[in-house]
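Take a look at the structure below.
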Amino acid sequence: MTFPLLTAKLQTLRPGQVKEAWLADVCNKLDTKIFKEIILTHEHSPHVKRPHYTVKDVTTDRKLLAEDGYDDVYMWWCCMEIDLQYGDMNRYAVSRSLFNDAYTDMAARWTRTHMPLSATDDDTGSVHPVLGVLV
């Protein structure tokens, strides 16, 4: 998914509530979550890096981190953030549920196509190979 496509989809769901700086910040948070929770826990190509978006990126065709076909993750994450910001807890609950479903589907796809990393034993215990923390 690209920022212009995400912006267009969000304008249909939450018209007038999307600002460029806000969108870059929210997408940074989600891609950091995806990178830490999914990508770093599995084998991945060296070219996969945690992106950092700026306001300038929002107007370009820069691709977001999630694979094609999992665009709903961004759409529902943004809707969830908007609903929370405006205190609309009924909409928030629906957006969160839809986000959780989309995120789980994306994570399951990544797990099916990338081998999970295993912890390694050393003298101090079991250490995660990427994160370097005890597990």
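The values are calculated or read from the model by the stated rules, or taken from the named source; none is laboratory data. This one's a predicted model, so the numbers in the text were calculated from it and none came from an experiment. Every residue, glycine as well, gets a Cβ built from its backbone with ideal geometry; the counts of neighbours run over all protein chains shown. Accessible surface is based on the protein model in full, side chains and every heavy atom, while ligands, DNA and RNA are left aside. Shrake-Rupley method; radii C 1.70, N 1.55, O 1.52, S 1.80 Å.
Couple of notes before you dig in:
- Relative contact order [Cα under 8 Å, 6+ residues apart], the chain, whole percent: 28 percent
- Counting only protein heavy atoms and a 1.4 Å probe, the chain has 57 square angstrom of accessible area per residue.
- The apolar share of the surface of the chain, taken as the fraction of accessible area on carbon and sulfur atoms (1.4 Å probe, ligands and nucleic acids excluded), comes to 55 percent.
- Gain on full extension, evaluated as 0.36 nm per residue between Thr104 and Gln17 minus their Cα-Cα distance, stands at 28.7 nm.
- Between 0 and 90°, nearest 10: helix 20-34 axis offset from the chain longest Cα axis: 30 degrees
- Estimated [θ] at 222 nm from DSSP helical runs (n ≥ 4, -39500 (n - 2.57)) normalised by residues in the chain, nearest 500: -16500 deg cm²/dmol
- The chain, Rg to Rh (Cα coordinates; Rh as Kirkwood inverse mean 1/r): 1.03
- Once the chain from Thr54 to Leu5 is taken as fully extended at 0.36 nm per residue, the excess over their C-alpha distance is 16.0 nm.
- Candidate residues His44, His52, His114: accessible-area rank, largest first, probe 1.4 Å: His52, His44, His114
- Between the Cα long axis of helix 89-113 and the first principal axis of the chain there is an angle of about 40°, rounded to the nearest 10.
- Cα-centre dipole for the chain with unit charges at Cβ (Lys and Arg positive, Asp and Glu negative), debye to 20: 400 debye
- Proximal lysine pairs, the chain, alpha carbons under 21 Å, eight or more residues apart or interchain: 15
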